[in-house]
Amino acid sequence: MKVLLLGATGNVGSRALPALIKHGHTVIAYVRSPAKLAPEQRAVLAGVVTGLVTDKPALKTAILAHNCDAVFHAAGLAQMWGRSQTGEYNTMFATVVAAIVEARKERRGPAIRAWLMSGFPMLDLNSAIPTRLIGDYMPMFPEHRQNLALIQEQEEEDIAWSLFCASQLTPKHKEARIPAPDDCSAANVVAGAGSPPEWRDTLAWVPLIGPYLNILSQAGGYATSSEDPLDFIAADLEEGRQSEFIGKKVGFKLKRKKAT
Ligand SMILES: NC(=O)c1ccc[n+]([C@@H]2O[C@H](COP(=O)([O-])OP(=O)(O)OC[C@H]3O[C@@H](n4cnc5c(N)ncnc54)[C@H](OP(=O)(O)O)[C@@H]3O)[C@@H](O)[C@H]2O)c1
């Protein structure tokens, strides 16, 4: 696909780039600090657009001018305990979504595919309490909630979205490497939509504190590398609008290593 990558100079975006290239996508970086792009990053990019993610006309123009059929939004950084003073994180998300929707309507083509960064607390608590989010019990990164509500209101014909509900992401490699290193692979993770993959409800029966116990006993196991889930997402983008993850909140877990 032709992907507009937002936040290509950040921790996530810089590691998304080699994964997208590995999976054969054409990537246009949309960045506010183009000087931060290394020569090897520039060498694999089909274009660089300088702009703010709060600038809807510029984003829409970038999508249309480069004929992008997908957007990966990794710009900004959610606050752990509250909102940024300017509220910029939510403004960026809303601006990206609005730019995608307007670009799709103007182009009159199929829905634009989008992977957007979100957080682990936006995944469903468990099948026993399907209306509850993990974030109802673990109120961290509250800015994701407004973004979730906004994306769920969108029309399928405009935006074919997936939310990457990431827990802590720790880079395997200090610097983002191009080409993507061989040890960074979708094969190292399991993905799940709705609830976190391999989530267990074993403590749900405990009165009142059952949900808290479930989260406390398991949440730590969802920290992943940055690169492996990004390889999964780049692979999923190859599926285009046939992806099973469209309209889904997606969590990841590292695969357990087999004993040798
Ligand atoms: N890292 C994690 O462990 C983790 C875990 C869960 C979720 N996430 C989510 O993943 C996303 C990316 O996180 P990250 O760790 O990659 O953050 P980061 O390293 O701080 O990168 C943020 C990126 O956004 C760009 N940016 C910020 N404001 C912008 C604006 N107004 N216009 C254009 N670009 C702007 C930055 O550009 P400059 O280089 O110019 O500053 C940078 O490229 C966030 O939504 C975050 O909440 C991250």
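The values are calculated or read from the model by the stated rules, or taken from the named source; none is laboratory data. Remember, predicted model here, so these are calculated numbers, not experimental data. Every residue, glycine as well, gets a Cβ built from its backbone with ideal geometry; the counts of neighbours run over all protein chains shown. Remember, those area values only see protein heavy atoms, side chains included, never the ligands or the DNA or RNA. Shrake-Rupley method; radii C 1.70, N 1.55, O 1.52, S 1.80 Å.
Would you compute, from DSSP H runs of 4+ residues alone, the mean residue ellipticity of the chain at 222 nm, taking -39500 (n - 2.57) per run and dividing by the full residue count, rounded to the nearest 500?
Helix-only estimate at 222 nm: -9000 deg cm²/dmol.
For the chain, find the longest principal axis of its Cα atoms and tell me its angle to the long axis of helix 227-237, 0 to 90°, nearest 10. Roughly 60 degrees between the two axes. Applying 1/(1 + (r/R0)^6) with R0 = 35 Å to the Cβ-Cβ distance of Glu155 and Arg32 gives a FRET efficiency near 0.75.
Here the Karplus relation 6.51 cos²θ - 1.76 cosθ + 1.60, evaluated at θ = phi - 60°, turns the backbone of the range 9-22 into coupling constants of 8, x, 4, 6, x, 5, 8, 6, 4, x, 5, 5, 5, 4 Hz, with x for every Gly and Pro.
Find the percent of Cα-Cα distances in the chain that exceed 25 Å, and round it to a whole number. Intermediate results must be reported in sequence, preceding the final value.
On the way: 14197 of 33670 pairs.
It works out to 42 percent of all Cα pairs.
For the range 84-182, the set of GluC sites (Glu not before Pro) satisfying both a DSSP loop assignment and a count of at most 10 other C-beta atoms within 10 Å is given as Glu153, Glu155, Glu175. Net charge dipole, the range 2-254: roughly 500 debye, given to the nearest 20, about the Cα centre with Cβ charges of +1 for Lys and Arg and -1 for Asp and Glu. A dipole drawn for the range 1-133 from +1 and -1 charges on Cβ atoms has a positive end, and of Val53, Met92, His25 the residue lying farthest that way is His25. Hey, quick one: spin label on Val48, modelled 7 Å out along Cα-Cβ, who in the range 1-34 has an amide N within reach, i.e. under 12 Å? Only 8-9, 29-34 fall inside the zone, counting backbone N under 12 Å. Among all stretches of the chain without exposed trypsin sites (Lys or Arg not before Pro) (DSSP loop, at most 10 other Cβ atoms within 10 Å), which one is longest? Between the exposed loop sites, the longest stretch runs 1-107. For Ile233, neighbours were defined as the other residues whose beta-carbon sits under 14 Å from its Cβ, and their charges (Lys and Arg +1, Asp and Glu -1) total -2.
Structure remark: mean-square fluctuation, Gaussian network model of the chain, C-alpha springs under 10 Å; the largest value among Val189, Val48, Val206 belongs to Val206. Of the whole protein surface, Thr61 contributes about 80 Å² of accessible area at a 1.4 Å probe radius. Counting only DSSP beta bridges with both residues in the range 2-254, the antiparallel share comes to about 20 percent. Across the chain, the mean sequence separation of Cα contacts (distance under 8 Å, 6 or more residues apart), normalised by length, yields a relative contact order of 21 percent.
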